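To keep things clear, I will list the structure first and then write my remarks on it.
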Amino acid sequence: MNRADLAAMAQREQDRQDAFRCRVLCCASTPCLSSGGTAVREAIEKAIKDGDLDADVQVVSTGCMGPCSRGPVVTLKMRGAEDVVYEQVTPEAATRIIQEHVAKNEPVKEFVFPNDAPFFAKQHKVVLANSGQIDPESLEDYVARGGYTALAHVLREMKPDEVCESITRSGLRGRGGAGYPTGIKWDLVRKSQSDKKYVVANGDEGDPGAYMDRSLMESDPHRILEGMAIAGYAVGAEQGFIYVRGEYPVAAKRLERAIRAAERRGLLGSRMVDSQFNFRIDIRIGAGAFVCGEETALMASIMGKRGQPVPRPPYPSQSGLWGKPTLINNVETFGSIAPIILNKAEWFAAIGTDKSKGTKIFALAGDVNTTGLIEVPMGITLREIVYDIGGGIPDDRAFKAVQTGGPSGGCIPAQYLDTPVDYESLRALGSIVGSGGLIIMDERSCMVDVAKFFLDFCADESCGKCAPCRVGTVQIYKLLDKITRGAATLADLETLRELCVMVQETSLCGLGQNAPNPVVSTLRYFYDEYEAHIRKHKCAAGVCALNEKPMSPAVVAPPRPKRKVARLDELEAV
């Protein structure tokens, strides 16, 4: 397939879609499927058949449309009219939508989610431009919206160093959490001398409440494949791997189908887009270990080894998979590549702030009226996200804090609501952008209990390789548990501080180094709550079951349930 073939395919698909008077887009992402999306689609198809509308109406299963808490979501695209988004659609409502809106052009107003609502109006969709608009399992649908045009342009008109230079000028930084400049990383791998190189897309997100990567893989898999193929050409790799979390079966299935479809049309594999470049992509399924989000542990897992981190240097750009130079980026990072190539680096660099360019996808969750998947320009304030896009706190309760960056991030209090969301600003507050989780908490949250929750998670997810993380996170958890039970003293609080510093400074990988962040940030901004638990045996939020009388400091936390660890001989037998 060459560029002319791509253009012809795009035109054919566009003509086919234009032949329908109405297109009904049904969200088939995991949140909408879990809230009855399949039954809604079946009701729509039945109503279309009963109304003899088959020739005029096309039904399409799409990826995530955004307002996940309002699902199932359905969008109507009527010829000559603005799109109409329907929320919380039931099978009965779906039937009415077809019978009244499609057949009679009378919208069912009680289910309409306004297009001009701040949830949509305040977003800037770059990576998610196709999400909720195309069938993720249709190569033709992706091509009709410009898909694989960037790859064709790169293969025919750009040299590898020019691609790396373009990504550098765009200012794109890694969206997996660290925020390392993407173009510089690509150029390091390009300059490494080796007979083989690899490209890896990290789709293993494990943060509680985060589902950005899952939604992108489910909604627009070809965009990730195209970005990886461009990266492969830029760095000189002919093999790519997508590492998908084991709990994401829908994402893995759609990626697999997308890879096969692209291979059949010559857009992946040998002599891609009628060029001399070869690039193959395979999928590797993780087993759900949080530590495998760390790049060295991820590579070990891909190679069939136990997912544990190793010290760096050497970095993957020098010695990665099977000792060869390896480029590792988050799937969202790869999702940004095609738009940058098509619209030029300067276009992307004009979005965001001076040091944090472009847009970022966030999973908005917690105590907020509208939760869901959003994409916003870097530099937007937390207040705009919470009160405009998210619609504020339910029942007019007071905002208390937002947890950014997942277990590796920190809790930001209400006085910093006007802070811009970018790498530098959040780090200055003791938190991070991370992969994109945003958990909103209202006045009913106890910040000591919140810190305890995240430490419990980190202690359980520690791979156990280094003692500071393996032992330190458990001891931090025990101290937090002691505080929430009313058994702690102020001396325990000082021990907690010292232990957090030790774990941060001596752990082997990012899991341990960042695990104390929720504790450190809550101690910084909510010290009075810790002190109230210890001195007054009171939990302002009423979450902790504190004793009315001080308990003996000798009382220790109840033992945590132990996980069964296989012996070495058992592992070797497997």
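In this structure, does Leu151 turn out to be within 17 Å of Pro67 (Cα to Cα), under 25 Å from the mean Cα position of the chain (by Cα), modelled with pLDDT of 95 or more and outside the structural domain of Cys64 (by TED's automatic domain parsing)?
no
Can you tell me which residue among Glu140, Glu110, Glu92, Glu106 is touching an Asp or Glu at 6+ places or on another chain (Cβ under 7 Å) and assigned to a helix (DSSP H, G or I)?
Glu140
Within segment 456-488, restricting attention to residues that are part of a helix (DSSP H, G or I) and basic (Lys, Arg), which residue is surrounded by the fewest Cβ atoms within 10 Å (Cβ to Cβ)?
Arg470
How many residues are touching a Gly at 6+ places or on another chain (Cβ under 6 Å), farther than 20 Å from Met158 by Cβ and small (Gly, Ala, Ser) if we restrict to segment 337-357?
The total comes to 1.
Considering only residues that are closer than 28 Å to Ile393 by Cβ and not basic (Lys, Arg), which ones fall in segment 85-111?
Val85, Tyr86, Glu87, Gln88, Val89, Thr90, Ala93, Glu110, Phe111
Show the residue pairs that are 6+ apart or on different chains and have beta-carbon atoms under 6 Å apart, the first residue being within segment 457-471 and under 12 Å from Asn514 (Cβ atoms), the second being part of a loop (DSSP other than H, G, I, E, B).
Within 6 Å, the pairs are Cys458/Ala515; Cys469/Ser462; Cys469/Ser507.
Looking at segment 319-334, which of its residues are surrounded by fewer than 24 Cβ atoms within 10 Å (Cβ to Cβ) and of a type outside the set (D, E, K, R)?
The answer is Ser319, Leu321, Trp322, Gly323.
Is it true that Asp187 is touching a helix residue (DSSP H, G or I) at 6+ places or on another chain (Cβ under 7 Å), among the acidic types (Asp, Glu) and over 24 Å from Val291 (Cβ atoms)?
Yes.
The values are calculated or read from the model by the stated rules, or taken from the named source; none is laboratory data. What you are looking at is a predicted structure, and each value in this text was computed from that prediction instead of being measured. Glycine gets a Cβ as well: all are built from the backbone with ideal geometry, and neighbour counts include every protein chain shown.
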